[in-house]
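The values are calculated or read from the model by the stated rules, or taken from the named source; none is laboratory data. A quick note: this is a predicted structure, and the numbers were derived from the prediction, not measured. Cβ coordinates were reconstructed from backbone atoms using ideal geometry, including for glycine residues, and neighbour counts include every protein chain displayed.
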Amino acid sequence: MNVRSISAVTLAVADMARSVDFYQNNIGMELLYGGASASFTSFKVGDGYLNLTLDTQRTWAWWGRLIFHVDDVDALHQRLVQAGLNPSTEPTDASWGERFFHINDPDSHELSFAKPL
């Protein structure tokens, strides 16, 4: 038995409407299930899923980073800045062979958007 892939990642969020707006309208993910008024929402990401589950009782500390591969790192960075968002880094070419930038989602989950060089 071998692990072949990750099917889904689920993030807890405090405000579903705010998070759906961020992932759907700013990042550009395809909404599959749920939505702004739901307690559980799924977005299609390549062959997998990003799920959001509503949890208004907790706050989160840094837990790690979720990395997405995208077609154009610079175009996504520019689109997010033009939408009034503040990525925590500029697009950078890394020594490990990716161009990437980081941004926090509305619940401070750290996201990285990257493309292999």
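Close contacts from the range 96-108, counting a first residue that is within 17 Å of V70 (Cβ to Cβ) and a second that is of a type in the set (F, W, Y), with Cβ to Cβ under 7 Å and a gap of 6+ residues or different chains, come to F100/F113; F101/F113; D105/F22.
The residues on offer are L66, L11, L52, L76, and the sole one that is in contact with a His (Cβ under 7 Å, 6 or more places away or on another chain), surrounded by 17 or more Cβ atoms within 10 Å (Cβ to Cβ) and within 17 Å of I103 (Cβ to Cβ) is L11. Entry remark, the range 79-109: residues being surrounded by fewer than 16 Cβ atoms within 10 Å (Cβ to Cβ), under 12 Å from the mean Cα position of the chain (by Cα) and charged (D, E, K, R) number 0 in total.
Matching residues to (1) touching a residue at least 24 places away in the same chain (Cβ under 8 Å); (2) in the same structural domain as S112 (by TED's automatic domain parsing); (3) part of a loop (DSSP other than H, G, I, E, B):
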| site | (1), (2), (3) |
| --- | --- |
| M1 | no, no, yes |
| A17 | no, no, no |
| V20 | yes, no, no |
| Q24 | no, no, no |
| L50 | yes, no, no |
| N86 | no, yes, yes |
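Of all residues in the range 14-47, those satisfying the criterion of being aliphatic (A, V, I, L, M), over 25 Å from Q78 (Cα atoms) and touching a Ser or Thr at 6+ places or on another chain (Cβ under 7 Å) are A14, L32. For the range 36-47, a residue qualifies if it is loosely packed, with under 14 Cβ neighbours inside 10 Å and at pLDDT 95 or above, and the qualifying residues are S37, S39, F40, K44. If you filter the range 33-48 down to residues that are under 15 Å from the mean Cα position of the chain (by Cα) and in a strand (DSSP E or B), you find that the one that is nearest to H69 (Cα to Cα) is V45.
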